[in-house]
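Right, one structure below, let's go through it.
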């Protein structure tokens, strides 16, 4: 590991390592900071657990669910001291032994406590692992810049041991896994644990920036890699400097930035090179900011300064803000598109009005900025990920964003720029919008209000983007919490239906396998296919397929079938007589289990007694004609109206069903992750946008919900693949708007350059 010193020479980091006697002191200081901060964050989190669980209990769909949350509240209060102690002790221990860790072998892959490939685990463990993985991934990306600096400085004071996001004791991955270990002290329901994990994400991991900045500041004071300061020191609301900014001064060495920042910077350089090539091909030289061009009178017309551009844009912005924003039903996409493409012309005209003489062009860097922002908003107006109504609304932000890009040239090269994050956030919220799912207009009105705020309030205060970002994130969090309960109920309902269907299939398969080719009397077959099939289904659902009760219920099926065999010998007669008392007892218990009335049970047993007398050669009394037993009201909802029918043939889904879709499409379906948005446009129906909420581990079906968490539909994998092939469904891109726009702009400019070369 190397760093450039003040004279520009590259030296080994090991030469900068503090004296051995100070390493323990520095680690002790880091440990003290971490313990204090994490205790504060964790305490803040636990203060919100009661409120969150109480709110969920009040909204619970039934008494059982409500009791889960109340029991969870009591359990958390009881176990909180143990969880806090276990967590803080583990983090402190990891920091204490940090400098005694052996250096890893170069060829060995680093151990990771972060996201790992999930093997087959219990459903609760899977849900827990997914929650942990999600929060780690999100926070590692968000904190990449500050965390990079902490990794480097801790590596130095520990003798050059390589630390990364997976091995740093205060990184999101290790802190989240430590909390998971500490949560083993809690024996609450998994629904309660998942709520606590979300609160841990919100109140602990989301606050780690404060911890990292304090650790970095402490180590900088101790002289550990002070040249990294430019990557972590920032004012209130000020975005971090990108890599290209830190390399501007010749006496400062560039610092390796995170991969995302490097890619964004590289993409921006590509765009600028393509703009330069386009100008060169058109025969337009680069115009310096202080230069000039000939005006209509033959005199030199100075190229507009940045302040003049901002002034002219402010006039245009005030004119735009004076008019009403388009509503859902009054928007004119064609008119908006003309405004976007003609902004440069309007800007030059406004500059002429302010100056008294219109300039014919602007400086090269300003022209690039104007064209780049114009292309960004042209992309927004054609972006298939956005509903048309949202395209029109967001396109009104072109002037504020052009002003922001002139004020701060880092906007396009820095992924964490607040203006860029705001537009990405608005686009992400807009992606799932539809009139049907937004009947109360909450989402539309929120996006509209932010657009209006920027049009009316943005002058040159870049912190407005940060404030609106915070407002948007609060709204999204509130919306997410509202949708989460509905989404959870939908998933639980789907899970329950699938368990019921699997139980039916298992019961049908067991009965049909035991009957085989035997031709059973109508009465015996009817009892097995109706009443006893229901008993098997409920036994599976309540006690499981491996329970003694289910095995006993299957033994009855064998005995009941055997009781229908013809009686030809005295031994057959004795066997049947010995079997009948047990058959009657088992049948009484089974029918009582599915809540049959006593009168119905006695009627069925009367029919069976008559049948068995005939089997034994005894005269049988006249009995009413056989009739199907009624299904008790108490189990009818559970059986979903189908249990009274004969059990269908048990069958497994055939792979032939998927032949309507090619292998590539099926692979695309298999790669879909929960949270992915799709657009469904079945023939004759309105276009619907839905998020993949849950993939059944039992049937593999894909469950989709709208932004309010309400079910839109569910599909088998082959059904979804066929819809994609037919064009009645399409996957919406998951990449942020800005990233997709920049990629599209590079492609467009590259194609233009290629066409020019051919010409």
Tally, over segment 522-547, of residues that are free of Cβ contacts under 8 Å to residues at least 24 places away in the same chain and over 41 Å from the mean Cα position of the chain (by Cα): 1
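Residue-wise test of (1) modelled with pLDDT under 85; (2) in contact with a strand residue (DSSP E or B) (Cβ under 6 Å, 6 or more places away or on another chain); (3) on the phi < 0 side of the Ramachandran plot.
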site	(1), (2), (3)
658	yes, no, yes
662	yes, no, yes
670	no, no, yes
676	no, yes, yes
685	yes, no, yes
698	yes, no, yes
718	no, no, yes
738	no, no, yes
Every pair of residues 6+ apart whose Cβ atoms lie under 8 Å, when the first sits in segment 311-322 and is without any contact (Cβ under 8 Å) to a residue 24 or more places away in the chain while the second is in a helix (DSSP H, G or I) and crowded, with 16+ Cβ neighbours inside 10 Å: none
Selection status of residue 647, more than 28 Å from residue 503 (Cα to Cα) and at pLDDT below 85: no
Scan of segment 561-573 for residues that are farther than 22 Å from residue 513 by Cα, touching a residue at least 40 places away in the same chain (Cβ under 8 Å) and in a helix (DSSP H, G or I), ordered by number: 573
Residue in segment 147-165 that is within 20 Å of residue 41 (Cα to Cα), in a helix (DSSP H, G or I), under 24 Å from the mean Cα position of the chain (by Cα) and not assigned by TED's automatic domain parsing to the domain that holds residue 674 present: yes
Selection from segment 321-348 of residues that are modelled with pLDDT of 85 or more and surrounded by 15 or more Cβ atoms within 10 Å (Cβ to Cβ): 343, 344, 346, 347, 348
Enumeration of residues in segment 448-468 that are touching a residue at least 40 places away in the same chain (Cβ under 8 Å), closer than 19 Å to residue 398 by Cβ and touching a helix residue (DSSP H, G or I) at 6+ places or on another chain (Cβ under 7 Å): 448, 451, 454, 455, 456, 458, 459, 460, 462, 465, 468
Pair list, Cβ under 8 Å, 6 or more apart: segment 349-366 residue farther than 28 Å from residue 277 by Cβ and not assigned by TED's automatic domain parsing to the domain that holds residue 279, other residue at pLDDT 85 or above and buried (at least 20 other Cβ atoms within 10 Å of the Cβ): none
Within segment 693-722, tally of residues that are outside any loop (DSSP other than H, G, I, E, B) and closer than 24 Å to residue 483 by Cβ: 13
For residue 175: the one exception among (1) more than 28 Å from the chain's Cα centre (by Cα); (2) at pLDDT 90 or above: (1)
Residue in segment 574-593 that is surrounded by 16 or more Cβ atoms within 10 Å (Cβ to Cβ) and in a loop (DSSP other than H, G, I, E, B) present: no
Hey, residue 73 loosely packed, with under 14 Cβ neighbours inside 10 Å, in contact with a helix residue (DSSP H, G or I) (Cβ under 7 Å, 6 or more places away or on another chain), at pLDDT 85 or above and in a helix (DSSP H, G or I) or not: no
Among the candidates 512, 502, residue that is part of a helix (DSSP H, G or I) and surrounded by fewer than 16 Cβ atoms within 10 Å (Cβ to Cβ): 512
Some residue of segment 412-420 being surrounded by fewer than 20 Cβ atoms within 10 Å (Cβ to Cβ) and farther than 21 Å from residue 385 by Cβ: yes
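The values are calculated or read from the model by the stated rules, or taken from the named source; none is laboratory data. If you're wondering where the values come from, they're calculated on a predicted model, not measured in any experiment. As a convention, Cβ positions derive from the backbone with ideal geometry for all residues, glycine included, and neighbour counts pool all protein chains shown.
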